[in-house]
There are 2 protein chains.
Amino acid sequence: MEVPLTPLEFARRTRRLHGHREGVVDGALRLSYEQFFDRCDRWSAALQGLGVSRGDRVATIAPNTHAQLESFYAVPQAGAVLVPINYRLTPDDFVYIINHSGSTVVCAHSDYLDALDGVRDQLPGVKHFVAFEGAPREGWLGYDEAISAATPDYEPAEISERDLLTINYTSGTTARPKGVMITHRNAYMNTVGTLVHLPIGVGERYLWTLPMFHANGWTYPWTVTAGGGVHVCLPKVEPSEVFRLIREEKVSSLCAAPTVLVSLANASPEARGEVRPGVRVVTAGAAPAAATIERLEGEFGWEVTQVYGLTETAPFITICAPLPEHADLAPADLAVIKARTGVELITSGELRVVDEKGNEVPADGQALGEIVVRGNVVMDGYFEDPEATERAMGDGWFHSGDAAVVHPDGYAEIRDRIKDVIISGGENISSIEVEGTLLRHPAVAEAAIVGLPHEKWGESPHAFVVLREDGEASEAELIAFTRDRLAHFKAPHGVTFVTELPKTATGKIQKFVLRSGAPNVARQ
Amino acid sequence: MEVPLTPLEFARRTRRLHGHREGVVDGALRLSYEQFFDRCDRWSAALQGLGVSRGDRVATIAPNTHAQLESFYAVPQAGAVLVPINYRLTPDDFVYIINHSGSTVVCAHSDYLDALDGVRDQLPGVKHFVAFEGAPREGWLGYDEAISAATPDYEPAEISERDLLTINYTSGTTARPKGVMITHRNAYMNTVGTLVHLPIGVGERYLWTLPMFHANGWTYPWTVTAGGGVHVCLPKVEPSEVFRLIREEKVSSLCAAPTVLVSLANASPEARGEVRPGVRVVTAGAAPAAATIERLEGEFGWEVTQVYGLTETAPFITICAPLPEHADLAPADLAVIKARTGVELITSGELRVVDEKGNEVPADGQALGEIVVRGNVVMDGYFEDPEATERAMGDGWFHSGDAAVVHPDGYAEIRDRIKDVIISGGENISSIEVEGTLLRHPAVAEAAIVGLPHEKWGESPHAFVVLREDGEASEAELIAFTRDRLAHFKAPHGVTFVTELPKTATGKIQKFVLRSGAPNVARQ
């Protein structure tokens, strides 16, 4: 009688109850849920006709279009595993991920056909290349043509909740991307937990500002559908287009990384136009700045909630859940609370912040520990990488690599990546704290702090700084600036001025490059 | 890394995050969640000290007290199975259920100690009788004394999500009570689904008008805790006490059977006092009358939501979920919608309304079929009754026994118990529809319609009627009254006037008694 926990269950229910309602908007295209799922069924049948069978991997490289969204249903319901690839990666990364995942079908948006044609000879395992849109092209199967030619009677896969649903490759700040294996149960539990904490129902209109490839769009391809809301697709995040869609499509909620929120908060009045109030915003990836929250909430009349997680945890671990006592806080104090990482969701499992010995750190807002978690959102492991899996979760807890404090109210707050914490004379120094202080100097545009070996202290903090175009500051001045504002042992012992910081495709600073290549970094 | 789906997980999280908050109010007693769970731990340790081990059954016979609530945590976390017995049953029923479940410990409220002492010699398997409160008594272990004497260091049970959590005995309209086996996974999924559709958070104050024994208080012993709300205990439902607690304890939500809602709606102004508005009411068991809904919503300013389920489905199958288009309805039309059974919850599984061949009936609001369901809330089976289990769910679907129509919007509406549907000349007659019509006659206090064998039509509807004390009506008059208001084939062919209708301990009419004993029923 038990049925598997799978997000496909939400498709069944919504199609039945809300098939006649609008489900997907993508530019001029408007699909009812019935039309949308009919397309999914036909694409499932087409994939099976192409020889895709249970457990096979199907990769996509596409922005937030209806075709990309369809993949989140058509691929798994045919029994295959979806590999949604970050389209911002290089062709070399595409080759690595497609080959490592063993994908036999690759579906791509028209922007990426040239890139893939350029590396086609390095992809011997791919049997079919599918062009999501655009004119017919040599070597590419047309997606819409295949759907038109197919019937909707695909063979539904017998799914177990432990079956793989997707493999999501991490961006890899230190090494090659790793393939995070997400099961149907993982995604189901994350979706249900999201619905508990961030309700979505019929009438909701969700704007796709968050890339669907990114940790499965935080499971919103399924969450919005489960609630019977409308997916409003957005292939490219331009503030003016975001504000226009919010206005014209009556958008009620969206998810976005803080950088996107900053671009919205700072958009020019012309780009903004009249801002529709009441939008519920969920953000993750880094703590949003209090100033950004105040702008969005105070000026736009939006509501911002921070969540936290990793691709490896399907992805939500925590939510900065509101409490009754927050209602009495002044806006500035509330923004400080809202910038916290929060508490575990009701369904995400058990979170602990532990020291090196695995003991929980005191909830004093001071002691740094690593966030570890166990529960039903934790991935099945890294695809074909048992060593990395063992390192990440061999002791029964998934180790996030994030260093956090726990406040007396139980709310965690991330202070750093564990590997970026500097241990100097036995004291923990959060590189993020020092960076935040440097960024308050008017001449500093970007800053990265890494620990360099130090004879006496073990490690000492060292700053890499990019100055503003019109900014001027000396090493001594910046060190003094920091000493004035932080405990002295936290101030950098030296400053290297650089023209840019090394970053990954997703914009994360590659501190390992700074650390290892410190003497080689081009001085300004 | 996966952890079992168990409602005990909610205890862990809430104790950690909200241990300092008020958790339980029971008369003058106020417990923080930390105090409450400390008591649970001590009772678990005491139970283990009494020899209770994994899989053993522990029965309770108690109204809604803090001790009864503690059982929902202390018993399962010690690895045992809770058997919460309907205290309105007879001592004979107690004996049957305690023996059939093999309970080795029986905990009872002071109101039931005499009854149990009277049947003690028929309970050879019970090793310990525990008095939840009251003065020391021969043969009874004092609950509070045991908790005071115990330490909180019980041995936590290793729980699998398929383990039994509770056995809930049905009231049995036709036969001996059956033991519904609810697993940890069943209850977890029902709780999470409830939280998705009927959010509960910190600050919520829940009044215990619904008996906890009844389908595990619809899982609210865990749901309220999961949300971090406050349990306000209520051992006995008296309207004046309900209104007082709502006012003084600032109650924000409650669950209740429609009969309780009727008693609240009809309470005298003195019993009511000033009615606190904004209470969210969840009701199930039968469709609430539109007049009751209008009174509660229109006059009290409360909000009523109907859910539907059975003990066998943990128990929610459907919720009459609001839709945006309902917002424009006039109150009377909205009350008609709100009286519907509704749609399946996002987590409860797949609902179908099927004819005898298992085919879905058309969604035309006319065709009657049986509600069947499969999903993660469906019980593991009836305890030690494989035949009944096979009958109920042998084909992979749980058969509810409820006859319903499906409206064009997909909302189901129960019309009858399948076995009470009368098939006359090939037409289905809903006994509830005919009863509802008879009840509109000013002289009729109660009515029950059953099908009696009929040579020509197969079955024909026959009415059993209780007249009001001051009411007068003839058989011919009531038949004519019905023919004027319904299709003629639905009108009763005969009327038997009786002084009362046979009912179960929970107030359900025993139609099998009427049917089988038709000639023997005392005529007025």
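All of B:VAL95, B:VAL126, B:VAL119, B:VAL105 fail the test of being within 27 Å of B:VAL237 (Cα to Cα) and among the aliphatic types (A, V, I, L, M), apart from B:VAL95. Taking the condition assigned to a strand (DSSP E or B) and either over 22 Å from B:TYR308 (Cβ atoms) or touching a helix residue (DSSP H, G or I) at 6+ places or on another chain (Cβ under 6 Å) (or both), does B:ASP470 pass? So B:ASP470 fails the test.
Within region A:165-178, residues that are in the same structural domain as A:ASP56 (by TED's automatic domain parsing) sit with their Cβ atoms under 7 Å from residues that are among the aromatic types (Phe, Trp, Tyr) and modelled with pLDDT of 95 or more, at 6+ positions apart or across chains, in these pairs: A:ILE167/A:PHE383; A:ARG176/A:TYR96; A:PRO177/A:TYR96; A:PRO177/A:TYR169; A:LYS178/A:TYR169; A:LYS178/A:TYR382.
Cβ-Cβ distances below 6 Å connect no pair with a first residue in region B:478-495 that is touching a residue at least 40 places away in the same chain (Cβ under 8 Å), a second residue that is exposed (fewer than 15 other Cβ atoms within 10 Å of the Cβ) and in a helix (DSSP H, G or I), and a separation of six or more residues or different chains. Check whether at least one residue in region B:425-442 is of a type in the set (Gly, Ala, Ser), outside any strand (DSSP E or B), under 28 Å from B:VAL354 (Cα atoms) and over 25 Å from the mean Cα position of the chain (by Cα), and report yes or no. Scanning region B:425-442, I find at least one residue that is of a type in the set (Gly, Ala, Ser), outside any strand (DSSP E or B), under 28 Å from B:VAL354 (Cα atoms) and over 25 Å from the mean Cα position of the chain (by Cα), so the answer is yes. When every residue of region B:418-428 is checked against the conditions, none turns out to be under 20 Å from A:GLU2 (Cβ atoms), surrounded by fewer than 21 Cβ atoms within 10 Å (Cβ to Cβ) and either more than 10 Å from chain A (Cβ to nearest Cβ) or at pLDDT 90 or above (or both). Give the residues of region B:118-166 that are closer than 23 Å to B:PRO76 by Cβ, part of a loop (DSSP other than H, G, I, E, B) and among the hydrophobic types (A, V, I, L, M, F, W, C), sorted by residue number. Matches in region B:118-166: B:LEU123, B:VAL126, B:PHE132, B:ALA150, B:ALA157, B:ILE159.
Okay, residues lined up against (1) in a loop (DSSP other than H, G, I, E, B); (2) within 14 Å of another protein chain (Cβ to nearest Cβ); (3) closer than 19 Å to A:ARG88 by Cβ; (4) touching a Pro at 6+ places or on another chain (Cβ under 7 Å):
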{"residue": "A:ASN168", "(1), (2), (3), (4)": "no, no, yes, yes"}
{"residue": "A:ALA175", "(1), (2), (3), (4)": "yes, no, yes, no"}
{"residue": "A:MET189", "(1), (2), (3), (4)": "no, yes, no, no"}
{"residue": "A:VAL192", "(1), (2), (3), (4)": "no, yes, no, no"}
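A:VAL405 meets each of the listed conditions (1) free of Cβ contacts under 8 Å to residues at least 60 places away in the same chain; (2) assigned by TED's automatic domain parsing to the domain that holds A:ARG515 apart from (2). Taken over region A:455-477, the residue count meeting the criterion of being over 19 Å from A:ARG515 (Cβ atoms) and touching a residue at least 40 places away in the same chain (Cβ under 8 Å) is 1. Among the residues making up region A:205-248, a single one is within 14 Å of another protein chain (Cβ to nearest Cβ) and more than 23 Å from B:LEU323 (Cβ to Cβ): A:THR219. Within this structure, B:ILE147 fails the test of being over 23 Å from B:TRP222 (Cα atoms) and either in contact with a strand residue (DSSP E or B) (Cβ under 8 Å, 6 or more places away or on another chain) or at pLDDT 95 or above (or both).
In region A:389-403, the qualifying residues are those that are outside any strand (DSSP E or B) and either buried (at least 16 other Cβ atoms within 10 Å of the Cβ) or of a type in the set (Phe, Trp, Tyr) (or both), and the one that is nearest to the other protein chains (Cβ to nearest Cβ) is A:MET393.
Of all residues in region B:15-32, those satisfying the criterion of being touching a residue at least 40 places away in the same chain (Cβ under 8 Å) and farther than 10 Å from B:GLY229 by Cα are B:LEU17, B:VAL25, B:ASP26, B:GLY27.
A quick yes/no check of all residues on (1) crowded, with 17+ Cβ neighbours inside 10 Å; (2) in the same structural domain as B:THR209 (by TED's automatic domain parsing); (3) touching a strand residue (DSSP E or B) at 6+ places or on another chain (Cβ under 6 Å):
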{"residue": "B:TRP43", "(1), (2), (3)": "yes, yes, no"}
{"residue": "B:GLN48", "(1), (2), (3)": "yes, yes, no"}
{"residue": "B:VAL83", "(1), (2), (3)": "yes, yes, yes"}
{"residue": "B:SER110", "(1), (2), (3)": "no, yes, no"}
{"residue": "B:ASP121", "(1), (2), (3)": "no, yes, no"}
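Report yes if A:ILE200 is among the aliphatic types (A, V, I, L, M) and either assigned to a helix (DSSP H, G or I) or farther than 17 Å from A:ALA11 by Cα (or both), otherwise no. Here the answer is no, as A:ILE200 does not meet what is asked. Among the residues of region A:473-504, those that are in a loop (DSSP other than H, G, I, E, B) and within 19 Å of A:GLU427 (Cβ to Cβ) comprise A:ASP484, A:ARG485, A:LEU486, A:ALA487, A:ALA491, A:PRO492, A:HIS493. Scanning region A:348-381 for residues that are more than 14 Å from chain B (Cβ to nearest Cβ), within 22 Å of the chain's Cα centre (by Cα) and buried (at least 24 other Cβ atoms within 10 Å of the Cβ) returns a single hit, A:ILE371. With the structure loaded, tell me whether B:ARG162 is under 24 Å from B:MET379 (Cα atoms), surrounded by fewer than 21 Cβ atoms within 10 Å (Cβ to Cβ) and either touching a Phe, Trp or Tyr at 6+ places or on another chain (Cβ under 9 Å) or not β-branched (Val, Ile, Thr) (or both) or whether it fails that test. Against the criterion (under 24 Å from B:MET379 (Cα atoms), surrounded by fewer than 21 Cβ atoms within 10 Å (Cβ to Cβ) and either touching a Phe, Trp or Tyr at 6+ places or on another chain (Cβ under 9 Å) or not β-branched (Val, Ile, Thr) (or both)), B:ARG162 qualifies. Inside region A:1-31, can you point out the residues that are surrounded by fewer than 21 Cβ atoms within 10 Å (Cβ to Cβ), of a type in the set (Gly, Ala, Ser) and away from chain B (no Cβ under 14 Å)? Selection gives A:GLY27, A:ALA28. In summary, B:SER53 fulfils each of the numbered conditions (1) within 14 Å of chain A (Cβ to nearest Cβ); (2) not in a helix (DSSP H, G or I) with the single exception of condition (1).
The values are calculated or read from the model by the stated rules, or taken from the named source; none is laboratory data. What you see is a predicted model, and the numbers here were worked out from it, not measured in a lab. Methodologically, a virtual Cβ is constructed for each residue, glycine included, from the backbone with ideal geometry; neighbour enumeration extends over all protein chains shown.
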